[in-house]
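Written out below as structure tokens is the structure these notes cover.
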Amino acid sequence: MHTMINGNTELIAHIGYPTHAFKAPMIYNPYFDHIGVNACVVPMGCQSADYPAFLRAVFTLTNIRGALITMPHKVTTVGLLDRVTPTVNVAGACNAVRRAADGALEGDLFDGEGFVRGVQRKGLKLAGARALVVGAGGVGCAIAASLAAAGVGAIALHDRQRDAVDGLSKRLRVHYPAIEVCTGSNDPSGFDLVVNATPMGMNPGDPLPLDVSRLEPSTFVGEVVMRTEMTAFLQAAQARGCPIQVGSDMLFEQIPAYLEFFGYPSTTAEVLRSVARLTG
């Protein structure tokens with residue numbers, strides 16, 4: 001099945017540590033096979049102390065097309081690049097790096113973009129919309145940053161870690177002064193979109209991230225947990241009549257954005273799901 005790696009193969013470095021849980025190679029590489037592109041996503045286990053030097057070194061390779069960055073390097077990467085997008089600055093993290101025509105290393109972040117593309121493809125209009133993001137950790141920050149880039153009118157943020165919310169709201173206000181940013185409440189009433197970016201509400205009986213009885217049936221509800229497709233929280237939202245998005249959509253919907261960033265032919269989440277070899 002595999003296209004043979006040869007002297008013309010382009011590399012995409014998948015840098016993180018540890019590598020054993022990496023899923024990207026089993027999604028990208030079958031896709032490259034499927035469309036006949038001679039490229040390969042290669043897992044590269046790199047520990048934090050070695051990472052800044054390694055990132056620079058790996059981009060001296062003449063056949064590198066880019067790098068996918070994952071744990072624990074997404075935050076460190078921001079300070080190692082020559083250029084980053086507002087999304088990277090707002091989220092405080094970066095998961096994609098390429099070398100520009102002028103030799104500069106530039107970075108973007110697609111964690112939140114995957115979420116945003118998913119809800120847009122399901123029919124949600126984000127221009128001017130009101131969004132509530134519960135959870136201001138890495139994923140919540142990424143989603144809030146991408147929602148801002150997509151032109152929402154208002155973002156409400158909630159997290160039990162007050163510092164995380166304060167930092168994110170400050171960065172949003174700096175980069176997107178036109179967006180109304182409020183903090184402190186997880187009441188979902190009156191929003192077009194509600195995002196659970198916490199691990200809460202995964203299993204039946206778990207405490208839920210917000211009061212589901214306050215959800216209006218017209219509110220779109222999204223989840224980031226991937227381990228369980230239909231979390232207890234999503235089931236509760238669906239029972240209210242809300243349109244929903246499962247966590248794994250965020251992963252599959254961000255890959256077309258990466259492909260575009262690296263200059264490869266893009267595709268849809270459906271094609272990626274159909275060719276992925278995530279089991280075995």
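Tabulated data
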item	result
Partner lysines for residue 23 [C-alpha distance under 20 Å; skip if fewer than 8 residues away on the same chain]	74
Sequence ranges 140-149, 90-99, 116-125, ranked by mean other-Cβ count within 10 angstrom, highest first	140-149, 90-99, 116-125
Per-residue ³J(HN,Hα) for segment 32-47, Karplus 6.51 cos²θ - 1.76 cosθ + 1.60, θ = phi - 60°, Hz, x for Gly and Pro	4, 4, 4, 9, x, 9, 8, 9, 8, 8, 10, x, 10, x, 9, 7
Fully extended contour minus Cα-Cα distance, from residue 127 to residue 23, at 0.36 nm per residue	34.2 nm
Beta bridges by DSSP in the chain, antiparallel share as percent, to the nearest 5	15 percent
Segment 17-109 - share of DSSP beta bridges that are antiparallel (%, nearest 5)	75 percent
Spatial extent of segment 141-233: Rg and Dmax, with the Cα atoms as the point set, Å	13.5, 40
Extended-chain gain in nm, criterion 0.36 nm per residue less alpha-carbon gap, residue 161 and residue 10	50.1 nm
More than 19 Å apart - percent of Cα-Cα pairs taken over segment 41-123	39 percent
Scattering profile of the chain at q = 0.08 Å⁻¹ [log10 I(q)/I(0), Debye over alpha-carbon scatterers]	-0.34
DSSP bridge pairs, segment 112-245: antiparallel proportion in percent, nearest 5	0 percent
Computed E for residue 61/residue 235 - FRET, C-beta separation, R0 35 angstrom, nearest 0.05	0.15
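Only the coordinates and a few stated rules stand behind these numbers; no lab work does. Everything numeric here is computed off the predicted structure, so don't read it as measured data. Cβ: placed from backbone, ideal geometry, glycine included. Neighbour counts: every protein chain shown.
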